[in-house]
1. Of the accessible area of the stretch 1-127, with the probe set at 1.4 angstrom, what percent is carbon plus sulfur?
2. Determine, at each q value in 0.13 (inverse angstroms), the log₁₀ of I(q)/I(0) that the Debye formula gives when each Cα of the stretch 32-168 is one equal point scatterer.
3. Between residue 175 and residue 156, what is 0.36 nm times their sequence separation minus the Cα-Cα distance? Round to one decimal in nm.
4. With every protein chain kept in place and ligands, DNA and RNA left out, what is the accessible area per residue of the stretch 1-160? Probe 1.4 Å, answer in Å².
5. Quick one: length gained pulling residue 97 to residue 131 fully straight, 0.36 nm per residue minus the C-alpha distance?
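The values are calculated or read from the model by the stated rules, or taken from the named source; none is laboratory data. For clarity, every value in this text was computed on a predicted model and none was experimentally measured. All accessible areas refer to the heavy atoms of the entire protein, side chains included, with ligands and DNA or RNA removed. Shrake-Rupley method; radii C 1.70, N 1.55, O 1.52, S 1.80 Å.
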Amino acid sequence: MYIILLGPPGSGKGTQGAIVAARTGLPRISTGDLLRAAVRDETPLGRQAKHFMEQGLLVPDEIIIGLIQEVLNTPDAANGVIMDGFPRTVAQAEAVDRLLAERNAAIDHVLTFEVPKEELVRRLLGRASDERRSDDAPEAIERRLEVYRNETEPLIAFYRDRGVLTAIQGTGSIDTIAMRVEEAVGI
């Protein structure tokens with residue numbers, strides 16, 4: 001089963017991705033985790049990514065897609081994966097489609113977590129305080145939400161047109177949201 005979790009920063013996709021991974025046994029792909037591991041392990045793609053990251057630049061799609069492909073080639077991913085916050089653009093989504101087509105597979109479910117902006121900001125400010133995350137400072141939050149609206153929201157229509165999109169109300173307890181997710185993907 002190939003599942004994509006979409007949602008703005010603070011929508012709970014990471015939390016729910018970990019729950020779905022635990023319940024299905026599928027690996028969870030987070031591009032941030034993949035990048036950090038590749039850089040730490042000094043893999044060829046990690047060395048390329050490090051060059052961009054050290055300059056404060058976005059890592060090019062080719063490198064990210066290469067990292068995704070490496071995960072898809074592992075035995076753990078033989079039955080599918082959960083993509084947490086990736087793809088972020090239509091171009092990345094098309095690249096994922098090509099990778100899966102090589103395996104005679106396709107995306108089964110795309111879940112988009114819907115959370116009011118006020119709640120997102122409250123969650124992110126709380127996370128900034130609890131975890132001391134600089135990307136959750138008020139100015140950064142607004143930028144991140146804007147980037148999501150401009151770059152990632154177009155994926156909602158992209159996947160709706162393919163008939164694989166389900167909107168998940170992302171408010172309530174973690175367990176309540178997890179039940180909504182389980183119902184949507186049939187686990």
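1. On the way: 3160 of 6120 Å².
Ligands and nucleic acids excluded, carbon and sulfur reach 52 percent.
2. -0.69
3. 4.4 nm
4. Result: 52 Å² of accessible area for each residue.
5. My answer for the length gained is 8.8 nm.
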